[in-house]
Amino acid sequence: MRRLVRRIRERVPDLTFRTSFIAGFPGETEEQFQELCDFVEEMRFEKVGVFQFSREEGTESFQLDGQLPQRVKAQRQKKLLGIQRKISREHQQRLVGRTLDVLIEGVSEETDLLLEGRWMGQAPEIDGKVYVNRGQGRPGEIVPVEIEQAGDYDLVGGIAGAEGPPRPVTAPKAARPRFPILSH
């Protein structure tokens, strides 16, 4: 798998690898958990989710011996997320200075002085955002954004070619779709 991931990264440089792990599965030893930490360090995934194991009635794992204390599961989740945060920060920093195509979603929920959107490496609902501090765009429009700053999960930049300092954006907030099944 390691070799395959390396080959894919060479051929598709902007590909985002995403995966999820369960911390504290019944019987998980400290050695096994350390092996997982080492694997995450080595693979340098762009996005990682870490969930604590939870016993669910009716599942095979509910009956397994070696259930770990909640404290251990929480510590392991925190450690793995800490490792990934550093990796994510490195990936994000590599984007500074690049121009990315960003799908504008609307005016930022943080402030009306910013637009927010996503580039192809960010999934809705679960990933960070690109905050646009210069230029104008409409929801649904894809615009080139020059990335100027990077946080652990979010990016900040201005629309390529836009002049002057940040200014209020007049684009309307993007309407959230209503799903009949979920709105009752």
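The values are calculated or read from the model by the stated rules, or taken from the named source; none is laboratory data. Keep in mind it's a predicted model, so treat the numbers as computed, not measured. Every residue, glycine among them, receives a Cβ derived from its backbone with ideal geometry; neighbour counts consider all protein chains shown.
Table for the structure above
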| read-out | value |
| --- | --- |
| Residue among L4, L103, L115, L64 that alone is over 15 Å from L155 (Cα atoms) and surrounded by 12 or more Cβ atoms within 10 Å (Cβ to Cβ) | L64 |
| Boolean, I22 is of a type outside the set (G, A, S) and not in a strand (DSSP E or B) | no |
| Residue under evaluation S88, criteria (1) over 19 Å from T16 (Cβ atoms); (2) at pLDDT 90 or above; (3) crowded, with 21+ Cβ neighbours inside 10 Å, criterion not met | (1) |
| Matching residues in the stretch 35-53 - criterion: being over 28 Å from G151 (Cβ atoms) and either assigned to a helix (DSSP H, G or I) or among the β-branched types (V, I, T) (or both) | E35 |
| Test for G49: is it at pLDDT 90 or above, in contact with an Asp or Glu (Cβ under 8 Å, 6 or more places away or on another chain) and not basic (K, R) | no |
| Of residues in the stretch 52-83 being among the polar types (S, T, N, Q) and modelled with pLDDT of 95 or more, the one nearest to L15 (Cα to Cα) | Q77 |
| Search result, residues across the stretch 114-134 that are among the acidic types (D, E) and either in contact with a strand residue (DSSP E or B) (Cβ under 9 Å, 6 or more places away or on another chain) or at pLDDT 95 or above (or both) | E116, D127 |
| Meets criteria (assigned to a helix (DSSP H, G or I) and under 16 Å from the mean Cα position of the chain (by Cα)) for K86 | yes |
| Among (1) in the same structural domain as S20 (by TED's automatic domain parsing); (2) closer than 17 Å to G151 by Cα; (3) assigned to a loop (DSSP other than H, G, I, E, B), the one test that D65 misses | (2) |
| Subset of the stretch 123-150 (residues that are in contact (Cβ under 8 Å) with a residue 40 or more places away in the chain, in contact with a Lys or Arg (Cβ under 7 Å, 6 or more places away or on another chain) and crowded, with 21+ Cβ neighbours inside 10 Å) | I147 |
| Odd one out for G97 among (1) out of contact with any Lys or Arg (no Cβ under 9 Å at 6 or more places or on another chain); (2) farther than 23 Å from S20 by Cβ; (3) without any contact (Cβ under 8 Å) to a residue 60 or more places away in the chain; (4) surrounded by 13 or more Cβ atoms within 10 Å (Cβ to Cβ) | (4) |
| Pairs, first without any contact (Cβ under 8 Å) to a residue 40 or more places away in the chain in the stretch 53-81, second surrounded by 10 or more Cβ atoms within 10 Å (Cβ to Cβ) and of a type in the set (A, V, I, L, M), C-beta under 7 Å, six or more apart | F53/I22; F53/A23; L81/V50 |
| Qualifying residues in the stretch 30-64 (those that are of a type in the set (K, R) and under 19 Å from T16 (Cβ atoms)) - the one nearest to the chain's Cα centre (by Cα) | K47 |
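For (1) charged (D, E, K, R); (2) at pLDDT 95 or above; (3) under 25 Å from G49 (Cβ atoms); (4) assigned to a strand (DSSP E or B), each residue gets a yes or a no:
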| residue | (1), (2), (3), (4) |
| --- | --- |
| E110 | yes, no, yes, no |
| Q136 | no, no, no, no |
| V145 | no, yes, no, yes |
| Y153 | no, no, yes, no |
